[in-house]
2 protein chains.
Amino acid sequence: MSSSAEKYDVFQAVADPTRRKVLQLLAGGELPISAITSHFPMSRTAIAKHLHILSEAELVSGRKVGREKRFRLQPEPLNELKEWLSFYDRFWDNKLSILKHVVENPVKVKE
Amino acid sequence: MSSSAEKYDVFQAVADPTRRKVLQLLAGGELPISAITSHFPMSRTAIAKHLHILSEAELVSGRKVGREKRFRLQPEPLNELKEWLSFYDRFWDNKLSILKHVVENPVKVKE
DNA sequence: ATTATATAAAACCATTTGGTTTCATGTCAA
DNA sequence: TTGACATGAAACCAAATGGTTTTATATAAT
């Protein structure tokens, strides 16, 4: 779905440490730009640009609420990364460790 | 192990489409620079630079054989990416699909 | 009505990135 | 030993990246 040729793909979006930290913050819930900015040593404008890039990659979405714009995490595109990675699984037997992870983390079935 | 503060981390290394294609090529086995270059519409020098970046991220290693330098895939650092991704698993119930993958792909135990 | 808040948009800037061309060096083959 | 092959290294370049400051606009609060 969504549009044609975006400028930033998931790989690029996630390459920047600031953007990764933004995603992590948003994992805790929806936040307006100012609140996000307060966690970083840079200007609101800089953070707004990062959010724009994350938006293009569809890793976040923003909605206007009053005078603020609240952003939230949209993790779906990370699946592309996951699938890319899975190709390399066979090259260093780590399937056991994946299994271990799954077993140790209870699966919550969508009810 | 290896050294201190590398310039390129896995996230950056993997952000470039050319470098991802290089990794894919090397998944097929060790190759010298010229052989790799033949798959791309750019100069040998450009590819050598990409290989250097992949080297810094420890995603490839090169050994000198006669007059050529052969590179091979070192997928271990991809684990960092995988772990980073796993944090976001909880945000869109896909654990079942991981389990499915593990079950469907027989685990080869290192003998 | 006025002021403070929250964002948007534009112009600007230094550094990094991804490529090039050129030149030098080591190795293999005839 | 002469030439072809494979790479290394350096200088250069345009465009992209990650930041800034400034100016404008909409909303909320007093």
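The values are calculated or read from the model by the stated rules, or taken from the named source; none is laboratory data. Note that the structure is predicted; figures quoted are calculated from it, not measured. FYI the Cβ positions are ideal-geometry reconstructions off the backbone, even for glycines, and counts take in every protein chain you see. Note: accessible area is taken over every heavy atom of the protein model, side chains too, but ligands, DNA and RNA are not part of it. Shrake-Rupley method; radii C 1.70, N 1.55, O 1.52, S 1.80 Å.
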Being at pLDDT 95 or above, within 12 Å of DNA strand C (Cβ to nearest atom) and in a helix (DSSP H, G or I) narrows it down to one residue among B:Leu51, B:Leu81; which is it?
B:Leu51
Looking only at region A:35-48, count how many residues are under 18 Å from A:Arg67 (Cα atoms), open to solvent by 60 Å² or more (accessible area, probe 1.4 Å) and more than 6 Å from DNA strand D (Cβ to nearest atom).
2
What are the pairs with Cβ atoms under 8 angstrom where one residue, in region B:56-75, is away from DNA strand C (no atom under 15 Å from the Cβ) and at pLDDT 95 or above and the other, located anywhere, is of a type in the set (Asp, Glu) and not in a strand (DSSP E or B)? Sequence gap at least six, or different chains.
B:Glu58/B:Glu6; B:Glu58/B:Glu76; B:Phe71/B:Glu30; B:Arg72/B:Glu30; B:Gln74/B:Glu58
How many residues does region A:54-67 contain that are more than 8 Å from DNA strand D (Cβ to nearest atom) and either outside any loop (DSSP other than H, G, I, E, B) or away from chain B (no Cβ under 14 Å) (or both)?
7
